[in-house]
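S.K.: A single structure is presented below for examination.
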Amino acid sequence: MASSRSRHSHPWLYLVLIIPYGVVGGYAGVAIAYYLKQAGVPVVQVAGIVALALLPNTWKFLWAPVIDASLTQKQWYCIAAIFTAVGIAIMGALPPTQAGLAILSIVVFLTSSVSSVLGMAVESLMVHATPDALKGRAGGWFQAGNLGGGGIGGGLGLWLTQNLPAAWMASVIVATLCFVCSVALLLVPDPQHSQARSGFMLSLREAVRDLWIVVKQRSGMLALILCFLPIGSGAAGGLWAAVADEWHAGANTVALVTGILSGLIMAAGCLVGGWIADRMDRRLAYLLYGLLQAVAALMMAFLPRSELVFVVMTSLYALITVASPRYSRHLIALH
């Protein structure tokens with residue numbers, strides 16, 4: 001009995017393991033976006049690259065059966081970590097030319113796709129290698145690592161890009177930090193689930209069956225629809241680095257807003273969102289978040305364009321964004 005108790009994952013390990021997943025979105029959406037805008041790339045093209053970094057996350061459930069039916073979670077994590085690090089390193093090495101942008105778009109999409117595999121591997125490890133009594137804490141550490149990774153990729157990545165002689169040096173440092181996170185795997189036991197794996201087709205059928213069972217229920221269909229609605233998605237946040245010049249915000253300001261300050265705001269947003277969701281109708285809370293987010297964006301558009309306005313309004317937008325999807329969407333389905 002004592003040995004079985006010692007063979008579980010410490011919850012904080014998932015903070016470390018999921019960091020590379022958050023880094024990819026932060027680095028592409030902030031560091032690369034700001035670098036491209038300063039090089040004269042139009043905002044619309046920057047927005048397209050940011051969108052490509054987000055796109056694979058809408059499909060990642062399709063390759064979940066592959067992870068469950070083939071290699072172990074640790075093997076998938078190591079493979080994904082290597083290619084994620086390589087992808088991040090390449091991002092900073094590509095020139096902001098038309099030819100470079102075409103290759104960058106492909107690299108961003110592929111890197112984001114690979115990082116989603118890494119994320120799925122961590123989620124699977126967390127489910128199968130963590131006792132029920134620790135899963136709540138593991139989920140909290142997991143979310144903290146995801147958000148912290150975004151701050152590292154965005155804030156630290158941009159600061160390094162602006163303070164090192166070449167952009168590729170920043171990307172190599174960020175990539176190395178991501179790969180080092182793999183060391184935490186040594187402290188995670190191999191889950192028993194990994195020893196008896198079903199075939200790919202069987203796993204795929206089971207995944208489709210489970211999805212169909214969820215969709216047939218009214219709450220499940222509602223949750224599925226809400227996941228694809230733009231309300232509360234915070235999509236405008238992916239363009240703050242690209243439009244920062246219009247508010248006279250420099251690189252250090254953008255790095256601060258998307259780095260340390262962003263982490264504090266996201267932590268506060270999670271607490272505020274949970275407090276509100278427990279004290280009012282969750283459907284109304286969801287609509288309220290969407291309305292407040294739209295109001296914040298409109299206020300930013302019409303207020304004087306200064307660095308202070310940029311810091312305050314982007315922070316407010318982030319606070320509303322992180323409060324909304326963290327609680328309202330899935331709690332509506334459970335209501």
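The values are calculated or read from the model by the stated rules, or taken from the named source; none is laboratory data. Source: prediction; values computed, not measured. When we count neighbours, we look across all protein chains shown, and the Cβ atoms used for this are built from the backbone with ideal geometry, even at glycine.
S.K.: Tell me, which residue of segment 55-76 that is crowded, with 17+ Cβ neighbours inside 10 Å and under 13 Å from the mean Cα position of the chain (by Cα) is modelled with the highest pLDDT?
M.R.: PRO56
S.K.: For the subset of segment 18-54 comprising residues that are over 17 Å from ALA249 (Cβ atoms) and of a type in the set (Phe, Trp, Tyr), which member is surrounded by the fewest Cβ atoms within 10 Å (Cβ to Cβ)?
M.R.: Only one residue tops the list, namely TYR21.
S.K.: Now for a separate question. Determine if segment 124-140 includes at least one residue that is closer than 20 Å to ALA28 by Cβ and assigned to a helix (DSSP H, G or I).
M.R.: No; the residues of segment 124-140 include none that is closer than 20 Å to ALA28 by Cβ and assigned to a helix (DSSP H, G or I).
S.K.: Could I ask something else about it? Which of the helices (runs of 4 or more DSSP H) found entirely inside segment 6-97 contain at least 2 residues meeting this: of a type in the set (Val, Ile, Thr) and assigned by TED's automatic domain parsing to the domain that holds THR130?
M.R.: Output list reads 13-26, 43-54, 64-69, 73-93.
S.K.: Check GLU246 against each of (1) at pLDDT 85 or above; (2) touching a helix residue (DSSP H, G or I) at 6+ places or on another chain (Cβ under 8 Å) and name the one condition it does not meet.
M.R.: If we test GLU246 against (1) at pLDDT 85 or above; (2) touching a helix residue (DSSP H, G or I) at 6+ places or on another chain (Cβ under 8 Å), just (2) comes out false.
S.K.: Continuing with the same structure: Being more than 20 Å from the chain's Cα centre (by Cα) and assigned to a helix (DSSP H, G or I): is that true of LEU147 here?
M.R.: The answer is no for LEU147.
S.K.: Another question, then. I'd like the residue in segment 120-141 that is surrounded by 22 or more Cβ atoms within 10 Å (Cβ to Cβ) and out of contact with any Leu (no Cβ under 6 Å at 6 or more places or on another chain) and, out of all such residues, is nearest to LEU71 (Cα to Cα).
M.R.: Only one residue fits best here, namely ALA121.
S.K.: Assess whether VAL172 counts as being at pLDDT 95 or above and either crowded, with 18+ Cβ neighbours inside 10 Å or outside the structural domain of THR258 (by TED's automatic domain parsing) (or both).
M.R.: For VAL172, the condition - at pLDDT 95 or above and either crowded, with 18+ Cβ neighbours inside 10 Å or outside the structural domain of THR258 (by TED's automatic domain parsing) (or both) - is met.
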